[in-house]
Amino acid sequence: MVYTHAAALLLGMALAAIGTWNVQAWRLGAQIESIRSEQAKEESTRSNAALVENTKTSIKESKHAQDTIYNAERLANLKTGIDVDVRAVLARAERLHRDTDSRAATYRAQAQADAAARSDLADKAAALDRQLAEGLGVVAILGSDLRRRDAEVAALCDQVNIERRLSGDDSGQACSR
């Protein structure tokens, strides 16, 4: 009988331990589920923040690409216009240059008819005429170089402003016109 009571006592203690163990397991399961739920919420918050940031970056990159394309096209159009103007001025200078020989002969004929002193004057006039024609060509080239440089500087300023907008710098313009 003592064995029976002891066995019953041991059995009762074992059942109590199993019951306690089950309660502890249930509590731990609830805590684990709570932790998992909290981690899922944090992961969702981080994912949403990353999605918002990616959207903002995509919008900035798209605007930057559009501005860069517009700026490049505008510069190409400016250069084309400058090139057309330069070709017209160079063609005029070439026509003047071709006619210099004809004008020089006229000057010489007039000078021979008048006197030897006027021949010297005609040579000087012809030299000045050639210099004028050559000078027009030089002025046209230098003018086009200056206009092309101004267009490139303006485009570079615009590009700096575009780059600043990409980086979020709205402090002002890189240069004024």
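For the range 76-116, residues that are hydrophobic (A, V, I, L, M, F, W, C) and either under 18 Å from G143 (Cβ atoms) or open to solvent by 80 Å² or more (accessible area, probe 1.4 Å) (or both) total 12.
If the condition is being within 21 Å of E94 (Cα to Cα), open to solvent by less than 70 Å² (accessible area, probe 1.4 Å) and charged (D, E, K, R), then the range 117-154 contributes D123, D129. Taking the conditions (1) free of Cβ contacts under 8 Å to residues at least 60 places away in the same chain; (2) open to solvent by less than 90 Å² (accessible area, probe 1.4 Å); (3) basic (K, R) in turn, K56 satisfies each one other than (2). Among the residues of the range 104-113, is there at least one that is among the hydrophobic types (A, V, I, L, M, F, W, C) and either closer than 30 Å to G168 by Cα or under 25 Å from the mean Cα position of the chain (by Cα) (or both)? No: zero hits.
The values are calculated or read from the model by the stated rules, or taken from the named source; none is laboratory data. Every value quoted in this text rests on a predicted model; they were computed, and no experiment measured them. No Cβ is skipped: glycine too gets one built from the backbone with ideal geometry, and neighbour counts run over all protein chains shown. For the accessible areas, the whole protein counts, side chains as well, though only heavy atoms, and no ligand, DNA or RNA atoms are used. Shrake-Rupley method; radii C 1.70, N 1.55, O 1.52, S 1.80 Å.
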